[in-house]
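Student: The structure follows.
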Amino acid sequence: MKIADLRVVPADIPLARPHKMSFTTLEAVNFVFVRIETSDGLTGWGEAACLGGPTWSEESAESVAATVERYIKPWLIGRDATGIEALRLEMARRVQGNPFARAAVEMALWDLAGRALGVPVHRLLGGRVRDSVELSWSLAVADPEAELEEAREKVRLGHRIFKIKTAAGPLDEDVARVRRLREALGPGISLRVDANQGWDRPTALRAIRALEPYRLDFVEQPVPRWDVDGLAMIASRVTVPIMADESCFTSQDALAIARLGAASILSLKVTKSGGLLGSLAIARVAEAAGMGCYVGCMIETSLGTAAYLQLALAAAPVTWGCELFGPLLLQGDVTRRPVEYADGRILSLDGPGLGVEIDEAALKEWTRRT
């Protein structure tokens, strides 16, 4: 399967409500869609979602589009689309860093491979080990009463896991939010906290100790991504498990975290790790170290969510569920049929490739005009 063409489509899709995190309040997600076509007319699609520019990481939709268009497309045309590992390694040599850009291309290659063989991508990754994945809903609402009502509504719909975005305001307010949610939702609901690097070491220790009475499943990325020693120090002094997200982009990061005992859970994100293969490598490190994994998100459409779901279905260490709620929070989507949810879970996709079909008319509606 020779690659004949690659097309880059930037797009922006607003959220159903603002999403308040430690580093920004998000009102829309910026996307880059990548369409790869082979010489025999087969097409595959990939996606990179960015949170309001270079906020979560150094990449933005603009940098992803430029990197793919200028530095990946010229040498990729004419290559064999089935050589995903070889192409992944060459992309990493030619384009230093920029994992979101590389992941969008690799995602489209996996979609092509699955479609060519008539099987879902999770079959190519070794086969699924679960039929569905528990879904965590992220609470990031500025108004406390609106946040409580959103949580109650999600419980009525079958959600049993919530992750609370913290560190955007005073610590006392975060503790009060968690207390209100625990009291309102009861002991049978799982609560988790994500600081998105928003605390320093002393604040993180105070925060986690203050939150311990509310029986959290874990605290995610309490300190800056570079402070892995700080993660290890905190993990050794609190009873709540620590999850690394922004500190764990690569399998080398995962190995360093495991050696330090800096976390007991690793967050997998296809785009931050340069694609499905990089994410699976992290999962293998976690498995070898006796750690668990959780599949995070960047608030993807059903396309990107489908790719993350293939990983969540096939990676055995994903024992902490996922937060693949993007299509439920976005005001629009780009596939003919969205991914499916039931009883607080996201359901397996078993169609060929990523398992979803792009609706180009819907994509055109959200395509960036300038």
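Student: Can you list residue pairs whose Cβ atoms sit under 7 Å apart, with the first residue in the stretch 66-93 being without any contact (Cβ under 8 Å) to a residue 60 or more places away in the chain and hydroxyl-bearing (Ser, Thr, Tyr) and the second being part of a loop (DSSP other than H, G, I, E, B) and open to solvent by 30 Å² or more (accessible area, probe 1.4 Å)? Count only pairs 6 or more apart in sequence or on different chains.
Tutor: THR67/ASN98
Student: I've got another one for you. Would you confirm, using the coordinates I've provided, whether ALA316 is under 15 Å from ALA244 (Cβ atoms), open to solvent by 10 Å² or more (accessible area, probe 1.4 Å) and over 13 Å from the mean Cα position of the chain (by Cα)?
Tutor: no
Student: Would you call ARG102 of a type in the set (Lys, Arg) and touching a Ser or Thr at 6+ places or on another chain (Cβ under 9 Å)?
Tutor: yes
Student: All but one of (1) buried (at least 23 other Cβ atoms within 10 Å of the Cβ); (2) under 21 Å from LEU347 (Cβ atoms); (3) more than 12 Å from the chain's Cα centre (by Cα) hold for ALA286, so report the exception by its number.
Tutor: (2)
Student: Another question, if that's okay. Could you look through the stretch 329-358, keep only residues that are free of Cβ contacts under 8 Å to residues at least 60 places away in the same chain and closer than 24 Å to SER190 by Cβ, and pick out the one that is farthest from the chain's Cα centre (by Cα)?
Tutor: This residue is GLU340.
Student: Further question on the same structure: Against the condition surrounded by 24 or more Cβ atoms within 10 Å (Cβ to Cβ) and either β-branched (Val, Ile, Thr) or touching a helix residue (DSSP H, G or I) at 6+ places or on another chain (Cβ under 9 Å) (or both), how does GLY274 come out, does it pass?
Tutor: yes
Student: Moving on to the next point. Inspect the stretch 192-210 for any residue being under 30 Å from VAL68 (Cα atoms) and either touching a Phe, Trp or Tyr at 6+ places or on another chain (Cβ under 9 Å) or open to solvent by 30 Å² or more (accessible area, probe 1.4 Å) (or both) and give the result as yes or no.
Tutor: yes
Student: Still on this structure: Just checking, how many residues over the stretch 122-133 are open to solvent by 80 Å² or more (accessible area, probe 1.4 Å) and either under 17 Å from the mean Cα position of the chain (by Cα) or not aliphatic (A, V, I, L, M) (or both)?
Tutor: 3
Student: Let me ask another. Identify, by number, the condition in (1) open to solvent by less than 10 Å² (accessible area, probe 1.4 Å); (2) under 23 Å from GLY198 (Cβ atoms); (3) among the hydrophobic types (A, V, I, L, M, F, W, C); (4) touching a helix residue (DSSP H, G or I) at 6+ places or on another chain (Cβ under 9 Å) that ALA232 doesn't meet.
Tutor: (1)
Student: Which is in contact with a helix residue (DSSP H, G or I) (Cβ under 9 Å, 6 or more places away or on another chain) and in a loop (DSSP other than H, G, I, E, B), of VAL133, VAL129, VAL178, VAL155?
Tutor: Exactly one residue qualifies, and that residue is VAL129.
Student: Then there's this: Kindly list the number of the only condition in (1) under 16 Å from the mean Cα position of the chain (by Cα); (2) outside any loop (DSSP other than H, G, I, E, B) that fails for GLU246.
Tutor: GLU246 satisfies every listed condition except (2).
Student: Taking the residues in the stretch 153-175 that are over 24 Å from GLU300 (Cα atoms) and touching a residue at least 12 places away in the same chain (Cβ under 8 Å) as candidates, determine which candidate is nearest to the chain's Cα centre (by Cα).
Tutor: ASP174
Student: Residues to consider are LEU280, LEU303, LEU311; find the one that is of a type in the set (A, V, I, L, M), surrounded by fewer than 24 Cβ atoms within 10 Å (Cβ to Cβ), touching a residue at least 40 places away in the same chain (Cβ under 8 Å) and part of a helix (DSSP H, G or I).
Tutor: LEU280
Student: Restricted to the stretch 104-119, and to residues that are open to solvent by 10 Å² or more (accessible area, probe 1.4 Å) and in a helix (DSSP H, G or I), which residue is farthest from VAL34 (Cα to Cα)?
Tutor: LEU117
Student: Residues of the stretch 140-187 being crowded, with 19+ Cβ neighbours inside 10 Å and closer than 22 Å to VAL318 by Cβ, which ones?
Tutor: LYS154, HIS159, ILE161, PHE162, LYS163, ILE164, LYS165
Student: So which of GLU69, GLU58, GLU27 is open to solvent by 10 Å² or more (accessible area, probe 1.4 Å) and over 23 Å from GLU220 (Cβ atoms)?
Tutor: Among GLU69, GLU58, GLU27, only GLU69 is open to solvent by 10 Å² or more (accessible area, probe 1.4 Å) and over 23 Å from GLU220 (Cβ atoms).
The values are calculated or read from the model by the stated rules, or taken from the named source; none is laboratory data. Predicted, not measured: the structure shown is a model, and the values here were computed from it. Every residue, glycine as well, gets a Cβ built from its backbone with ideal geometry; the counts of neighbours run over all protein chains shown. The area values use the complete protein model at the heavy-atom level, side chains included, leaving out ligands, DNA and RNA. Shrake-Rupley method; radii C 1.70, N 1.55, O 1.52, S 1.80 Å.
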